[in-house]
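Undergrad: Dropping the structure in here first, questions after.
Just so it is clear, none of the values below were taken in a lab; they were calculated from the coordinates. Predicted, not measured: the structure shown is a model, and the values here were computed from it. Counting neighbours? That spans all protein chains shown, and the Cβs are built from the backbone with ideal geometry, glycine included.
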Amino acid sequence: MGIILNIETATKNCSVSVSKNEEILSLKELNEGKFSHSEKLHSFILEVIDNAGLSMDDLDAVAVSKGPGSYTGLRIGVSAAKGLCYALNKPLISVPTLENIALQISLKEDELAVPLLDARRMEVYSAVYDKDHRQIRATKAEIISETSFQGFLKKGIVYFAGDGAEKCKEVIRHENARFLSSVYPSSREMSIIAARKFKSEDFEDVAYFEPFYLKDFVAGKPKNYFKTASR
């Protein structure tokens, strides 16, 4: 049947939905400019299940955003998804975060989508998709400069979308560049990818699955670091 719980926590948008064969039955999300996943995620899960008139046992699979994205956000989402899969004995589906963003952009012939996630300073996580939302350049972390994506921009319109688009707008100045900084990955678009993967039984190993961080997590220094070091 394909009733899937979709969990998206890779960015500041905490988003949960229940879908059936790509159709959204219930959706709950909150993007308030800060990470509230640890507080909201489990209540959102219970709420969408209840609003869809279902129980946990009715689920056929759990889908989760695999990254790249926020280290903490990804850990919270993946931990919740794996816990549910263990408890319910359901398969786990992973959804590429950047593909989620790309699906939100309608493209014409020869137009491209470049989903971007902020990776601090002038660095972003990015990939490139064609008008059929097929990935044509690998996902990578890169430092944005005025020459970034020039090869693609010379060929036609390129839509830069995601929370990393704003910093690109300050640097990339090309007549073919379009910027959509208000686009965030959502569990709504997850349903499309998750349904396809469920049908082909493209499941993850629940025991060994880890988020796609892309680069190592670097913890920030405590605010009193210099005072402590000088003692």
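Undergrad: Students often get this wrong, so check it: of Lys82/Lys140; Lys20/Lys155; Lys66/Lys108; Lys40/Lys197; Lys82/Lys155, which have C-alpha atoms separated by over 32 Å?
TA: Values: Lys82/Lys140 26 Å; Lys20/Lys155 38 Å; Lys66/Lys108 28 Å; Lys40/Lys197 27 Å; Lys82/Lys155 42 Å.
Pairs exceeding 32 Å: Lys20/Lys155; Lys82/Lys155.
Undergrad: Would you please give the FRET efficiency between Thr72 and Tyr208, computed as 1/(1 + (r/R0)^6) with r the Cβ-Cβ distance and R0 = 25 Å, to the nearest 0.05? Spell out each step's value before the answer.
TA: On the way: r = 21 Å, r/R0 = 0.84.
The value I calculate is 0.75.
Undergrad: Still on this structure, please answer the following. Given R₀ = 30 Å, FRET efficiency for Ser145-Leu30 by Cβ-Cβ distance, to 0.05?
TA: In this case the efficiency is close to 0.30.
Undergrad: Near Lys12, which aspartates and glutamates are there with a Cα under 13 Å away, not counting those fewer than 8 places off in the same chain?
TA: Once the sequence-local aspartates and glutamates are set aside, what remains near Lys12 is Glu29, Glu32, Glu39, Asp118, Asp163.
Undergrad: Compute the Cα gyration tensor for the chain, then decide on rounded, prolate or oblate, letting a ≥ b ≥ c be the square roots of its eigenvalues: rounded whenever a/c is under 1.5, prolate when a/b is larger than b/c in the other cases, and oblate in all that remain.
TA: Numbers: a/c = 2.06, a/b = 1.23, b/c = 1.68.
Since a/c reaches 1.5 but b/c is at least a/b, the shape of the chain is classed as oblate.
Undergrad: Neighbour counts of other C-beta atoms within 10 Å: give me Thr11, Thr72, Thr139 arranged from fewest to most. Spell out each step's value before the answer.
TA: Numbers: Thr11 26, Thr72 13, Thr139 19.
The most exposed by this proxy come first: Thr72, Thr139, Thr11.
Undergrad: In whole Hz, with x marking every Gly and Pro, tabulate ³J(HN,Hα) for the stretch 11-25 from phi via Karplus 6.51 cos²θ - 1.76 cosθ + 1.60, θ = phi - 60°.
TA: With the stated coefficients, the stretch 11-25 comes to 10, 6, 7, 8, 9, 9, 8, 10, 10, 9, 6, 6, 7, 6, 8 Hz.
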